[in-house]
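For reference, the structure is listed below as structure tokens.
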Amino acid sequence: MLVLSGTIGAGKTSLTSLLAEHLHKPAFYESVDDNKILPLFYKDPQKYAFLLQIYFLNKRLDSIKAANADRESVMDRSIFEDSLLFHLNADLGRATNTEVDIYDSLLRNMMQELPEATYRKNPDLLIHINISFETMLERIKKRGRSYEQIANDPSLYDYYKELDQRYTDWYANYDKSPKMQINGDALDFVEDSAARQQVLQLIDEKIATL
């Protein structure tokens, strides 16, 4: 089970698709385009932050269960990142400490309910795509989701800046599985075919050591 991680615009979905095709294995994607709560969250974060987090938790547990049907799979986001995102929202006043405590407790309980003999809860390898803050902003602007645009909501700049820093700390402290980091600025696997092959080779070499 390979799991991708990275901030907004890092290229998680693109690399998931590349890896699934490269390894001939199923891919599991974060629900974004069909997520009716996400646009509501950007309009009113205080009202919808908790609901959005519960939505993602439910979807990720579904993906973990589905991924276990095959010995090998690729997932485009780690369930362990969700707590990072929700704690950030709480620190920015978008969720209460009580909601965070409930979420963290629910996450622990739901993960414990997955039987060890049946489900792999942790990935075999976490692949973190590291991009600069400037690259993140460029990609957010390029993909054009109106609710993500700083031009429409200037307060998002501070949110994205803090998110970028927290991902650096999160990856440094992540210890649930083996991990590796891809420099998404130096290796633009989305646009550059040579970089794409290099990234796949790096991941193949890491898998071979596991």
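Once you have the Cα-Cα distance between Asp101 and Asp185, take 0.36 nm times their residue separation minus that, and quote the gain in nm to one decimal.
26.7 nm
Identify the GluC sites (Glu not before Pro) of segment 110-210 meeting these criteria: DSSP loop state and at most 16 other C-beta atoms within 10 Å of the C-beta.
Passing sites in segment 110-210 are Glu116, Glu191.
Hey, if you put +1 on the Cβ of every Lys and Arg and -1 on every Asp and Glu Cβ in segment 2-209, which of Tyr55, Ala10, Leu156 ends up farthest toward the positive end of that dipole?
Toward the positive end, the furthest listed residue is Tyr55.
With springs connecting C-alpha atoms under 10 Å apart, model the chain as a Gaussian network and identify which of Ala49, Ala95, Ala172 has the largest mean-square fluctuation.
So, out of Ala49, Ala95, Ala172, the one fluctuating most is Ala172.
Any of Lys12/Lys43; Lys12/Lys176; Lys47/Lys121; Lys36/Lys65; Lys141/Lys161 with alpha carbons more than 21 Å apart? Name them for me.
Too far apart for the 21 Å limit: Lys12/Lys43; Lys47/Lys121; Lys36/Lys65.
Can you compute 3J(HN,Hα) from phi for each residue in segment 194-202, using the Karplus curve 6.51 cos²θ - 1.76 cosθ + 1.60 with θ = phi - 60°, rounded to whole Hz and x for Gly and Pro?
Each residue of segment 194-202 in turn: 5, 5, 4, 5, 5, 5, 4, 5, 4 Hz.
Taking the Cα of Ser132, stepping 7 Å toward and past its beta carbon, and measuring to each backbone N in segment 180-202: which are under 18 Å?
Of the residues in segment 180-202, 182-192 have backbone N under 18 Å from the label point off Ser132.
So for segment 2-209, averaging the separation of alpha carbon pairs under 8 Å that are six or more residues apart and normalising by length, what relative contact order in percent results?
Across segment 2-209, relative contact order equals 29 percent.
With no solvent and one point on each alpha carbon, what is the Debye value of log10 I(q)/I(0) for segment 2-209 at q = 0.10 Å⁻¹?
Result of the Debye calculation: -0.43.
Pulled fully out, how much extra length does the chain show between Ala208 and Gln46, if you take 0.36 nm times their separation in residues and subtract their Cα-Cα distance?
Here the segment from Ala208 to Gln46 would lengthen by 53.8 nm.
Taking the Cα centre of segment 2-209 as the origin, how large is its charge dipole in debye, to the nearest 20, when only Lys and Arg (+1) and Asp and Glu (-1) carry charge on their Cβ atoms?
About 340 debye.
A short reminder: the numbers here are calculations on the coordinates, not readings from a lab. Just so we're clear, the structure is a prediction, and the values are computed from it rather than from any experiment. In this analysis, Cβ positions are derived from the backbone assuming ideal geometry, glycine residues included, and neighbour counts consider all displayed protein chains.
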